[in-house]
DNA sequence: AGATGTGAAGTGATTCACAGCT
DNA sequence: AGCTGTGAATCACTTCACATCT
């Protein structure tokens with residue numbers, strides 16, 4: 001789930017399980033909410049409920065970070081916020097570039113959660129010359145030609161790809177060549193990257209398909225053990241699953257004014 | 001990662017592992033691409049490469065669906081597309097509603113991958129009366145007042161929440177009350193739902209934070225085993241992790257009593 | 001020969017349950 | 001008395017390796 005080709009051998013002594021890392025942001029968010037309400041301490045039980053996990057898991061997760069709690073009392077909210085932030089690397093701020101300023105790219109640029117969590121949108125990049133100079137989320141869009149220059153002069157190591165699928169690998173290659181080592185990919189394609197580069201993928205249609213699977217199963221259960229196979233046209237299925245006929249793939253390239 | 005409160009005991013005989021279900025859409029996409037190029041058959045090795053997994057895993061995954069391959073030959077592309085589509089429930093089309101037509105909601109509405117994969121956007125819903133009637137992606141936005149009516153008259157069972165965090169739980173409750181049993185949540189909040197309702201979450205800032213963690217570790221390894229602890233201001237950390245003071249800041253209060 | 005399908009072994013994550021600290 | 005921190009047990013997923021079939 002995590003990356004395309006990572007093979008982190010977990011040789012490092014500081015081996016925090018991947019599953020734990022994936023939950024730290026969840027805890028951080030819950031803790032931040034408590035912090036804003038000036039709650040001084042919290043028990044594993046309470047925090048777990050707020051984060052949507054069970055308390056044993058939470059305690060085990062925290063045990064990988066160290067012993068930051070107080071027995072009989074709980075965890076100091078502020079201290080824990082700091083420790084998790086540090087662990088996640090959020091005490092520095094990360095410049096990110098977003099490539100592909102269509103609907104989705106614009107949504108990402110406007111997403112408030114970035115700025116407030118240690119990330120800074122260093123640049124918005126799009127291949128369409130007509131987009132160049134247009135302000136999106138208060139930042140002028142730059143042309144793809146500038147990509148390498150932007151990456152290097154800003155020391156960007158994290159890139160977000162929100163281009164159509166057909167352009168994604170090419171953009172990815174350029175990002176990596178320019179020095180980016182972590183990529184968040186919204187395009188519905190498998191990206192190939194060299195060792196040492198992390199890729200995480202977010203795919204809207206995959207999430208929906210997983211929901212559909214469970215939804216179908218619910219319906220099937222009502223009707224009895226045999227899910228009442230919808231026989232239907234074998235041929236239809238290929239069409240159902242088919243990509244749009246668009247020039248290249250899914251993600252819409254343009255954005256309305 | 002899957003759901004908020006699912007507890008599917010996998011009692012059903014047809015127990016396909018969750019991890020396998022999560023990969024089926026990946027295989028389906030790769031197969032669809034092959035199908036469009038009129039490739040008749042594919043080996044586990046080839047398909048695995050196209051989907052970005054290893055071949056043993058793929059074969060094991062397929063073994064849960066049945067024996068759809070031919071030894072010595074491989075898998076029939078069209079047939080497999082059909083089988084996976086059916087397994088995922090994509091041979092019927094699912095009406096979905098999208099609630100919250102901001103940047104992200106609009107991006108989702110325009111996302112071509114829905115229509116082509118068994119999903120149909122039945123309605124776009126927003127709380128802002130000024131949005132009502134405006135066409136987004138060719139569909140007129142409807143006001144939240146219509147929510148229950150829309151759900152019921154269209155038989156919608158899948159809802160997408162793209163509202164600000166503060167509104168998400170309330171929207172979720174209404175969706176569920178009206179009959180929605182699967183929710184894809186883009187708001188950065190933990191949703192509480194009754195048993196039998198599935199929730200999947202997509203959270204942009206969480207994905208970035210996970211990348212930041214790995215990115216930091218890469219940087220740390222160059223510099224030596226001890227990541228050079230940045231002592232710094234303990235106070236600063238709370239700010240770093242804190243929500244922006246924006247109009248409707250992300251994280252709402254903790255659990256209601 | 002060449003590929004699938006699958007028991008068995010291995011690895012990783014979750015849950016249990018309780019010892020140990022405050 | 002209460003809550004953390006953690007070994008041990010359990011469960012889930014992955015990988016191996018090879019018997020089996022075309």
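Things worth noting here:
- Just one residue in the set B:68, B:64, B:75 is closer than 25 Å to residue A:214 by Cα, surrounded by 14 or more Cβ atoms within 10 Å (Cβ to Cβ) and touching a strand residue (DSSP E or B) at 6+ places or on another chain (Cβ under 8 Å); that residue is B:68.
- Pairs meeting the criteria (first residue in the stretch B:55-69 and closer than 14 Å to residue B:26 by Cβ, second residue within 7 Å of DNA strand D (Cβ to nearest atom), beta carbons under 7 Å, at least 6 apart or on different chains) are B:61/B:20.
- Of all residues in the stretch A:128-141, those that are under 23 Å from the mean Cα position of the chain (by Cα) and within 20 Å of residue A:170 (Cα to Cα) total 1.
- The one condition in (1) modelled with pLDDT of 95 or more; (2) surrounded by fewer than 22 Cβ atoms within 10 Å (Cβ to Cβ) that residue B:219 fails to fulfil: (1)
- Hits in the stretch A:165-196 (condition: in a loop (DSSP other than H, G, I, E, B) and closer than 16 Å to residue A:97 by Cα): A:179, A:180, A:181, A:186, A:187
- Residue count, the stretch B:61-70 (criterion: assigned to a loop (DSSP other than H, G, I, E, B) and closer than 14 Å to residue B:82 by Cβ): 2
The rows are residues; the columns are (1) within 16 Å of DNA strand C (Cβ to nearest atom); (2) within 11 Å of chain B (Cβ to nearest Cβ); (3) not in a strand (DSSP E or B).
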| site | (1), (2), (3) |
| --- | --- |
| A:28 | no, yes, yes |
| A:39 | no, yes, yes |
| A:49 | yes, yes, yes |
| A:59 | yes, no, yes |
| A:83 | no, yes, yes |
| A:91 | no, yes, yes |
| A:104 | no, yes, yes |
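- Residue within the stretch A:108-126 that is in a loop (DSSP other than H, G, I, E, B), at pLDDT 95 or above and in contact with a helix residue (DSSP H, G or I) (Cβ under 7 Å, 6 or more places away or on another chain) present: no
- Qualifying position, being over 28 Å from residue A:26 (Cβ atoms), modelled with pLDDT of 95 or more and within 13 Å of chain A (Cβ to nearest Cβ), among B:199, B:156, B:193: B:156
The values are calculated or read from the model by the stated rules, or taken from the named source; none is laboratory data. Bear in mind that the values here come from a model prediction, so they are computed numbers and not experimental data. Note: ideal-geometry Cβ built from the backbone for every residue, glycine included; neighbour counts use all protein chains shown.
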